[in-house]
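The values are calculated or read from the model by the stated rules, or taken from the named source; none is laboratory data. Since the model is a prediction, treat every value here as computed from it, not as a measurement. Every residue, glycine among them, receives a Cβ derived from its backbone with ideal geometry; neighbour counts consider all protein chains shown.
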């Protein structure tokens, strides 16, 4: 475990994350998810985790490994068409991970998700949390729309409201 990572996580408090992801920003994220889900059959969850706990840091848990845990914990995999997508932000590491359920992962290459992650991270580095989040969601939406167009009836199986853990 690197000392610099430990310090980042100690100082990346929930309060600090909430200053960047204000209620207004969370409202914009929720509206963007609602907007793009109307055009495809996928389900998007957006999660911000301020920091990892000491045990996870000591075990050197990567942001991707933690995203997999959150993916399972929130049941993103539990959709009828296996079409859930998690956008996971590990605030302390300045890292964004996108995980897609097997129905989507079999069609959309991982490098597409990585490209969107890097775009979101670039916005965040400039302090544009709302813009980066919304543009990232729209990019995910365009990929899903291309491969999984909406077919009524399309139930909203996962909540659109972003979560701060």
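Side notes on the structure shown:
- Any hit, region 134-144, residues being surrounded by 14 or more Cβ atoms within 10 Å (Cβ to Cβ), part of a loop (DSSP other than H, G, I, E, B), modelled with pLDDT under 95 and touching a strand residue (DSSP E or B) at 6+ places or on another chain (Cβ under 9 Å): no
- Flag if residue 85 is assigned to a strand (DSSP E or B), within 20 Å of residue 16 (Cβ to Cβ) and under 12 Å from the mean Cα position of the chain (by Cα): no
- The one condition in (1) at pLDDT below 95; (2) under 23 Å from residue 114 (Cα atoms) that residue 50 fails to fulfil: (1)
- The single condition among (1) in contact with a helix residue (DSSP H, G or I) (Cβ under 9 Å, 6 or more places away or on another chain); (2) farther than 17 Å from residue 35 by Cβ; (3) at pLDDT 95 or above; (4) buried (at least 20 other Cβ atoms within 10 Å of the Cβ) that residue 76 does not satisfy is (3).
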